[in-house]
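The values are calculated or read from the model by the stated rules, or taken from the named source; none is laboratory data. Note that this is a predicted model, so its numbers are computed, not measured. Quick reminder, even Gly has a Cβ in these numbers, built from the backbone with ideal geometry, and neighbours come from all protein chains shown.
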Amino acid sequence: MIQVHSLCKHFGGLKAVHQATLNIQRGKITGLIGPNGAGKTTLFNTIAGVYAPTGGRILLDGEDVTGFAPHQLFAKGLVRTFQIAHEFPTLTVLENLMMVPPAQLGERLVNTWLRRRRMHKQEAQLRRQAEAVLEFLKLSPLADELAGNLSGGQKKLLELGRTMMTDAKVVLLDEVGAGVNRTLLNDIGDAILRLNRERNYTFCMIEHDMEMISRLCDPVIVMAEGAVLTEGSAAEVNANEQVIEAYLGRGLGIKRRHTARVPIPQPRPQPTRSDASAAADLSEVADMRFFIGEAMTGGYGGADILDACTVGVSKGEIVVIVGPNGAGKSTAMKAMLGMLKLRHGRIMLGGVDISGLAPQARVARGIAFVPQVANVFVTMSVQENLEMGAYLRRDDFTATMEQVFELFPVLREKRRQLAGELSGGQRQQVAVARALMTKPSVLMLDEPTAGVSPLVMDDLFARILEVRDSGVAILMVEQNARQALSIADRGYVLVLGANRHTDRGAALLANPEVRKSFLGG
Amino acid sequence: MADLLNALVLFANFVLIPGLSYGAQLALGALGVTLVYGVLRFSNFAHGDTMAFGAMATILVTWWLQARGFHIHPLPTALLGLPFGIAATVLLCMLVERTVYRYYRHKKSPPLVFMIASVGVMLIINGVVRFVIGADDRQFADGQRFLIKARDFKQATGLSEGLSLKVSQGLTIVIAILLVIALFWFLQKTRSGKAMRAFSDNEELALLSGIDPLRVVRMTWILAAALATIAGTLYGLDKSFKPFTYHQLLLPIFAAAIVGGIGKPHGAIAGGFVIAFSEVTITYAYKKFLIYLLPAAWQPHGLVQLLSTDYKFAVSFIILVIVLLACPTGIFRGRVL
């Protein structure tokens with residue numbers, strides 16, 4: 001279907017893709033994996049015509065399409081999706097889908113007068129098609145919602161839906177799974193499988209989630225340093241020594257040297273509770289937590305997203321918030337940071353009510369926040385990023401910087417480099433490092449591992465454990481619920497902005513109800 | 001050989017030196033525009049008239065000093081007036097920020113609203129300047145006029161073409177170089193400068209790092225006001241001060257900022273010289289230059305002027321349109337407008 005011959009794409013001296021040769025076979029779902037910075041997305045962009053290749057050839061159905069523009073390739077049935085969803089935020093979900101097919105009659109003013117009937121007919125047909133797509137993706141209830149209001153995972157589904165509105169023959173999926181919870185991920189996986197079987201779509205997907213790769217993809221192509229490392233079935237790739245070395249790592253087991261410590265005494269073992277009793281019990285526990293948002297209710301102006309939600313964290317503890325997409329996990333954290341106005345509830349830090357403080361004032365009090373995206377200053381060097389993190393400190397922070405470099409040795413090497421030139425995993429390290437420069441007592445992380453390879457994820461979690469052990473209270477939202485809960489001291493499960501379950505991480509992992517709903521069995 | 005040297009001197013005298021000093025003036029103006037755009041995220045149409053205001057304030061102080069008999073011969077007295085002019089312009093910018101822009105910033109208005117508001121500010125400042133100092137040409141240059149006089153140059157070299165370098169031109173180039181170095185040092189090395197860059201890069205994250213947005217806004221206006229006053233005064237010294245000229249300068253200044261890549265300080269400098277040299281080279285009459293170089297039979301009869309100087313603004317406009325069509329991010333990949 002698509003043959004790529006010794007493709008090269010260099011950016012100045014950086015050889016993002018170098019001599020990559022691969023073959024995407026018709027009717028198959030090809031997986032593309034590799035460590036951060038391996039050139040996967042660049043390869044996609046080059047195939048899709050976003051970048052002109054530096055060398056090599058690309059054949060689509062035997063036709064040489066090297067150097068074609070994206071819209072020409074689109075017309076030939078090659079469609080790509082983006083790692084970060086590109087929706088039209090001010091149009092509804094349905095409208096987003098309806099506007100995908102090109103050259104619609106209604107796009108010409110003259111047709112709105114002269115071909116009224118045909119235009120309306122075409123529009124009605126498009127509407128039916130879009131509704132069918134939404135049905136297929138189980139998004140029908142959201143048809144009239146503005147696309148900008150969708151959660152991250154729902155946007156990914158919409159992105160998939162957009163490809164279904166075209167006559168796509170081959171679809172390039174760039175990390176559809178990043179930032180999507182397990183249940184929704186399974187839905188997306190099902191949708192991809194059905195599209196592949198029923199409509200004969202060919203897929204090539206970049207994905208970091210090995211479970212998804214194993215389930216969907218055959219063959220799997222592994223990239224490293226801009227070239228193809230190996231190719232084979234998921235099982236073969238999984239067992240390949242080189243791949244384990246370069247990419248998969250050996251799981252948290254070997255890295256978790258720091259967890260072998262005396263566990264911080266829990267106030268008491270907390271059995272999984274139902275909604276009603278949780279609220280009652282939590283109010284007692286509340287006073288013991290260092291940083292807590294109590295009975296938070298509020299949203300971004302429209303409907304309330306948080307519904308009497310309580311989240312708290314003690315010093316030296318990792319607390320993870322999990323839940324389905326759209327449950328208000330990130331919103332809960334933003335409320336605790338002061339980025340949205342609460343109608344009810346209060347935020348306490350070390351026994352002081354800080355509900356009235358602006359985010360900057362809370363930062364000054366030792367709360368650090370790492371946003372999910374745009375979390376580094378891309379035009380500044382790594383060192384400058386760290387200096388900005390320490391902006392509020394008037395004392396000498398070289399010792400802190402030294403500690404941070406100790407924690408993230410890569411950053412010491414790259415401290416003169418612009419943060420925008422780093423790979424995704426390294427950027428994530430810069431983001432965490434920047435937040436640590438204030439010597440915070442509370443560190444909040446919004447999906448720190450979204451879109452990073454398993455190896456980097458293990459590494460990042462290991463660092464977070466180290467930070468925890470230095471006595472910092474860590475609160476994070478994480479889509480990778482299973483891994484996150486396995487390192488968490490406690491976890492909160494939120495559903496529709498309210499507390500559903502609260503328990504120790506391991507207990508939540510073992511809880512059959514939680515497993516079924518959020519961890520995908 | 002003498003012909004070739006004469007041609008080169010002619011070219012340096014009428015294209016190179018004027019281009020350099022005009023380019024430096026545009027670069028300083030464009031730096032102010034680009035700073036405001038990079039940090040405050042809107043196109044400040046009032047910048048040309050802010051330059052006029054700054055120059056006016058400097059001129060008023062300069063006149064007062066001249067009347068009192070203060071001077072720093074051979075340098076122009078205006079240099080003494082400059083700090084006062086800067087102070088007055090900073091006050092003006094703060095006043096505008098307080099009364100106009102802060103309201104829209106509080107409302108989180110889109111950049112377009114800021115831009116339209118700046119058009120209103122431009123008209124008001126323009127009116128104030130003309131009300132205070134009048135719409136006519138004003139002279140305030142004193143001190144020595146030339147660093148190199150054309151006649152001395154001719155005598156020294158024996159060439160028939162003279163090269164002259166005005167004090168104002170030399171000052172413009174020297175001050176521009178010093179100012180640019182100081183600005184880059186400030187942005188790259190100081191805590192405040194880095195905070196400005198951080199704010200420009202990612203406002204949300206800058207807030208999360210505890211950078212005070214009001215302070216960054218204030219610093220930006222101080223820098224923009226200082227740059228505008230210096231650029232305005234140097235332009236006035238080099239040519240003459242006329243409020244309407246400054247109003248028109250807005251176009252080449254914006255063209256310079258956009259051509260270089262808006263939001264990028266080094267882009268503003270490059271853009272300033274690109275625009276200045278395009279204007280000067282296209283509107284220069286090459287007749288004499290070619291007479292020196294070409295054999296007698298090929299000598300031109302006309303002026304060999306590509307465009308009359310009346311149309312010099314068309315040059316920056318055309319360059320602007322071409323850049324926006326061909327590569328909207330400019331030479332140094334600034335933001336897309």
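Specify the residue that is farthest from A:GLY451 (Cα to Cα); the eligible residues are those in the stretch A:369-394 that are in contact with a Gly (Cβ under 8 Å, 6 or more places away or on another chain) and touching a residue at least 24 places away in the same chain (Cβ under 8 Å). Here the residue is A:LEU392. Every condition in (1) within 14 Å of chain B (Cβ to nearest Cβ); (2) of a type outside the set (Gly, Ala, Ser); (3) farther than 22 Å from A:MET476 by Cβ; (4) surrounded by fewer than 22 Cβ atoms within 10 Å (Cβ to Cβ) is met by A:LYS439 except one, and the failing one is (3). The test for being within 14 Å of another protein chain (Cβ to nearest Cβ) and touching a Lys or Arg at 6+ places or on another chain (Cβ under 8 Å) holds for B:LEU187. With the condition kept exactly as written, say whether any residue in the stretch B:163-183 is among the charged types (D, E, K, R), more than 14 Å from chain A (Cβ to nearest Cβ), crowded, with 18+ Cβ neighbours inside 10 Å and in contact (Cβ under 8 Å) with a residue 60 or more places away in the chain. Checking the stretch B:163-183: at least one residue is among the charged types (D, E, K, R), more than 14 Å from chain A (Cβ to nearest Cβ), crowded, with 18+ Cβ neighbours inside 10 Å and in contact (Cβ under 8 Å) with a residue 60 or more places away in the chain.
For the residues B:SER192, B:SER200, B:SER168, the requirement of being over 30 Å from A:PRO359 (Cβ atoms), touching a helix residue (DSSP H, G or I) at 6+ places or on another chain (Cβ under 8 Å) and hydroxyl-bearing (Ser, Thr, Tyr) singles out B:SER168.
Condition check ((1) at pLDDT below 95; (2) touching a strand residue (DSSP E or B) at 6+ places or on another chain (Cβ under 9 Å)) across all residues:
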| site | (1), (2) |
| --- | --- |
| B:GLY232 | no, yes |
| B:ASP238 | yes, yes |
| B:LYS242 | yes, yes |
| B:LEU249 | yes, no |
| B:GLY263 | yes, no |
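The criterion of at least 1 residues that are more than 13 Å from the chain's Cα centre (by Cα), within 24 Å of B:VAL100 (Cα to Cα) and within 14 Å of chain A (Cβ to nearest Cβ) is met by the following helices (runs of 4 or more DSSP H) wholly inside the stretch B:196-300: B:203-208, B:213-238. For the residues A:LEU407, A:LEU392, the requirement of being of a type in the set (A, V, I, L, M) and within 10 Å of chain B (Cβ to nearest Cβ) singles out A:LEU392. For B:ARG105, the conditions (1) surrounded by fewer than 16 Cβ atoms within 10 Å (Cβ to Cβ); (2) farther than 27 Å from B:ILE175 by Cβ; (3) at pLDDT below 95 are fulfilled apart from (1).
Residues are listed down the side, and each one gets a yes or a no for (1) under 22 Å from the mean Cα position of the chain (by Cα); (2) surrounded by 19 or more Cβ atoms within 10 Å (Cβ to Cβ); (3) not small (Gly, Ala, Ser):
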residue	(1), (2), (3)
A:VAL4	no, yes, yes
A:PHE11	no, no, yes
A:GLY39	yes, yes, no
A:LEU78	no, yes, yes
A:HIS86	yes, no, yes
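Output the helices (runs of 4 or more DSSP H) that fall wholly within the stretch B:1-120 and possess 2 or more residues being farther than 27 Å from B:GLY334 by Cα, or say none. In the stretch B:1-120, the matching helices (runs of 4 or more DSSP H) lie at B:2-11, B:17-35, B:47-68, B:78-96. Pairs meeting the criteria (first residue in the stretch B:314-334 and closer than 13 Å to B:ALA268 by Cα, second residue surrounded by fewer than 17 Cβ atoms within 10 Å (Cβ to Cβ) and at pLDDT 80 or above, beta carbons under 8 Å, at least 6 apart or on different chains) are B:PHE332/B:HIS266.
Applying a threshold of 8 Å to beta carbon distances and a minimum spacing of six or more residues, or different chains, the list of pairs starting in the stretch A:92-120 at a residue that is more than 25 Å from A:VAL79 (Cβ to Cβ) and ending at one that is assigned to a helix (DSSP H, G or I) and among the basic types (Lys, Arg) reads A:ASN111/A:ARG118. Within the stretch A:360-384, being at the interface with another protein chain (Cβ under 8 Å from one of its Cβ atoms) and surrounded by fewer than 20 Cβ atoms within 10 Å (Cβ to Cβ) holds for A:GLN360, A:ALA364, A:ALA374, A:VAL378, A:THR379. Under the condition of being buried (at least 18 other Cβ atoms within 10 Å of the Cβ) and aromatic (Phe, Trp, Tyr), the residues counted in the stretch B:125-152 number 1. Among the residues making up the stretch A:291-314, those that are of a type in the set (A, V, I, L, M, F, W, C), in contact (Cβ under 8 Å) with a residue 24 or more places away in the chain and surrounded by fewer than 20 Cβ atoms within 10 Å (Cβ to Cβ) are A:ALA295, A:ALA308. On the stretch given as the stretch A:121-176, residues that are of a type in the set (Gly, Ala, Ser), in contact (Cβ under 8 Å) with a residue 24 or more places away in the chain and not in a loop (DSSP other than H, G, I, E, B) total 6.
Is one or more of the residues making up the stretch A:207-230 under 25 Å from the mean Cα position of the chain (by Cα), among the charged types (D, E, K, R), modelled with pLDDT under 80 and surrounded by 19 or more Cβ atoms within 10 Å (Cβ to Cβ)? Within the stretch A:207-230, one or more residues are under 25 Å from the mean Cα position of the chain (by Cα), among the charged types (D, E, K, R), modelled with pLDDT under 80 and surrounded by 19 or more Cβ atoms within 10 Å (Cβ to Cβ).
Scanning the stretch A:9-64 for residues that are under 15 Å from A:LEU78 (Cβ atoms), of a type in the set (Val, Ile, Thr) and assigned to a strand (DSSP E or B) turns up A:ILE24, A:THR30, A:ILE58.
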